[in-house]
């Protein structure tokens, strides 16, 4: 076999073993085949050579493996840079002009941000950089029944955590007087009218393309009725303002849509100053135009409203920004709709909007997902009109790339079984907190005559077998008592074992709780009640030294985020 192929097998076996604890022949062979397609002519030879090298790599001490990994580290880094560059999505906005570009992120402060919002925000951040422009934060807060200051604060906190900065911040509710001036202008141009029909009548008329009887009111009548609305002479749903679109249009959005309605609920920002509030269609178009926005990125669900957006601005002789449609990002097995989430939170089915099962920004942060991982994940889809429905595993994979090099390594044993070491005395040992980065430090562990191993490992042991206790020594199994969950063994010198198991010392153990988030919805959209599992076992006492939200890896279990509480630390599982 060619020497270059043999060197490649060794190189990728080392990387595989370093990343996963032991090298896997299938993974290594797959990589070699992609690099050297000619090896497919004799797969038998490839398999034999790969297995020989993997056997050698897997039998190495961790310290020796680390040294070997460092030898290849520059090559791995170079390959990663090339791969990252090739995977970058080219972002282009038709009509956008470098140096003359302003876009905005327009959250409605009526709920928590989720990963779909993050996608739009990161796209806009990217376009700001590409076109050397500006990005504004526009709070679309003209629904006093739903918008609150608490949601504004949460959104701003989420955006700051995501690392998205804005050149200007403004609120729709600060433009109400201006909105009144513009609607009066439409009355004078006979392009809007006050409708006094009830909701059912309006709905039926729009469905059957029938014009409203109030559509014929002249500007004087409309201005009088609008003044009555402003002076609180009407109750909610007794009067609305509608745009004169086209009732016979195939585009339902243009069938005389509502521009203003009455809401008597006090506004979180304006209190009871106003009762007549503009709708999204009227308010957003105008606020975009007067604030200098040149390019609008919004969900493709608003595409039918594009003509209305443009029609309102043209009717008011205002500049029309470029409109760009963007697809929705759906995470399979999750829920993002505000109404559904509110029900689940209020019923106690979810712990809150920051429940780690959710893909809200607060939930992802609590679980231990890094902002950079979210950015890399959402930008991989680029700008598209094709809705994406993907697994959360893709985001978790991006996250692992970031946390793997920094996370401290600790031991955890689930469903612990006692392992009594007959010929061992108490000793203190230092174990590194990271396999390759010595700067992260080490922890001191007191080891006596008893350690605990997981029940899963215990079930695989046989009397007379020799196994290595990781970072300790090899032991020979003398007796197994499954009823008492106790195994006896003795230290054996100068003997090696390919089987390595982790442990927690009896003198260093601490009760450990790990929450494991799972999918929360079935294919039909119904909520899965048992979607948050609690796993218990023993961890090391070093747990008490961890800081809140610190990311660690319980070896062979997975990465977890630390949560410090009055009742003690607990963990949330991130990924393998």
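With a ≥ b ≥ c taken as the square roots of the eigenvalues of the C-alpha gyration tensor of the range 87-140, please select rounded if a/c is under 1.5 and otherwise prolate if a/b is larger than b/c or oblate if it is not? Since a/c reaches 1.5 but b/c is at least a/b, the shape of the range 87-140 is classed as oblate.
Of 475, 67, 320, the sequence from fewest to most neighbouring Cβ atoms within 10 angstrom is 67, 320, 475. Relative to the longest principal axis of the Cα atoms of the chain, helix 43-58 runs at roughly 80 degrees.
How high is the FRET efficiency between residue 35 and residue 61 when r is their beta carbon distance and R₀ equals 30 Å, given to the nearest 0.05? Efficiency computed from Cβ-Cβ geometry: 0.60. Once the Kirkwood radius over Cα pairs is known for the range 115-230, the Stokes-Einstein relation at 25 °C and 0.890 mPa s delivers a diffusion coefficient of 137 µm²/s.
Look at the alpha carbon pairs under 8 Å that are at least 6 residues apart: their mean separation over the length of the chain gives a relative contact order of 11 percent.
Our note on the geometry: Cα centres of the range 303-357 and the range 376-450, 36 Å apart.
Computed across the range 222-269, the Kirkwood radius stands at 12.2 Å (inverse of mean 1/r, all Cα pairs).
According to the Cα-based calculation, Rg over Rh for the chain is 1.10, with Rh computed by the Kirkwood formula. Would the range 329-403 count as rounded, prolate or oblate if I go by the C-alpha gyration tensor, calling it rounded below 1.5 in a/c and otherwise prolate when a/b exceeds b/c, oblate otherwise? Oblate shape, in that a/c is at least 1.5 and b/c is the bigger or equal ratio.
Set the Förster radius R0 to 51 Å, insert the Cβ-Cβ distance between residue 394 and residue 228 as r into 1/(1 + (r/R0)^6), and round the FRET efficiency to 0.05.
Taking R0 as 51 Å, the efficiency between residue 394 and residue 228 is 0.40.
Under a crude label model (7 Å from the Cα following the beta-carbon direction), how far is residue 526 from residue 450 in nanometres? It works out to 4.7 nm between the two label points. Modelled label positions at residue 196 and residue 545, each set 7 Å beyond Cα in the direction of Cβ, lie 7.8 nm from each other. Hydrodynamic analysis of the range 1-98 uses the Kirkwood radius over alpha carbon pairs. Inserted into Stokes-Einstein at 37 °C and 0.692 mPa s, it gives a translational diffusion coefficient of 217 µm²/s.
Bridge orientation summary for the chain: considering DSSP beta bridges with both residues in this region, about 65 percent are antiparallel. Modelled spin labels at residue 439 and residue 71, positioned 7 Å past Cα toward Cβ, are 2.5 nm from each other. Which shape class, rounded, prolate or oblate, goes with the range 102-326 when its Cα gyration tensor gives a ≥ b ≥ c as root eigenvalues, a/c under 1.5 marks rounded, and past that a/b bigger than b/c marks prolate? The shape class here is prolate.
Counted residue by residue at 0.36 nm each, then reduced by the alpha carbon distance between them, the extension gain from residue 215 to residue 566 reaches 120.0 nm. How much length is gained on full extension from residue 43 to residue 518, taking 0.36 nm per residue of separation minus their Cα-Cα distance? My answer for the length gained is 167.1 nm. Counted over the range 355-501 with a bin width of 10 Å, the fraction of Cα pairs per bin, in whole percents, is 9, 27, 24, 19, 14, 5, 1. With viscosity 1.567 mPa s and temperature 4 °C, the Kirkwood radius over alpha carbon pairs of the range 173-277 converts through Stokes-Einstein to a diffusion coefficient of 91 µm²/s.
The angle between the Cα long axis of helix 306-315 and the longest principal axis of the Cα atoms of the chain comes to about 40 degrees, rounded to the nearest 10.
By the count of other C-beta atoms within 10 Å, a proxy for reagent exposure, 179, 228, 254 are ordered fewest to most as 228, 254, 179. In whole angstrom, the range 404-480 maps to an equivalent ellipsoid with semi-axes of 25, 15, 11, each derived as √(5λ) from the alpha carbon gyration tensor and ordered largest first.
Taking one quarter of the surface of the convex hull spanned by the alpha-carbon atoms of the range 240-359 gives a direction-averaged projected area of 10.5 nm². Look at 495, 410 and count the other Cβ atoms within 10 Å of each Cβ; fewest to most, that gives 495, 410. Report, in whole Å, the centroid distance computed from the Cα atoms of the range 4-74 and the range 196-274. Between the Cα centre of the range 4-74 and that of the range 196-274, the gap is 70 Å. Along the Cα-to-Cβ line of residue 495, 7 Å from the Cα, sits a label point; which residues in the range 451-465 have backbone N less than 14 Å from it? Under 14 Å, as judged by backbone N against the label point of residue 495, lie 462-465 of the range 451-465.
Throughout, read-outs are computed from the coordinates displayed, never taken from laboratory work. Computed from a prediction, not measured in an experiment: that's the story for all the values here. Cβ atoms come from the backbone with ideal geometry, glycine included; neighbour counts cover every protein chain shown.
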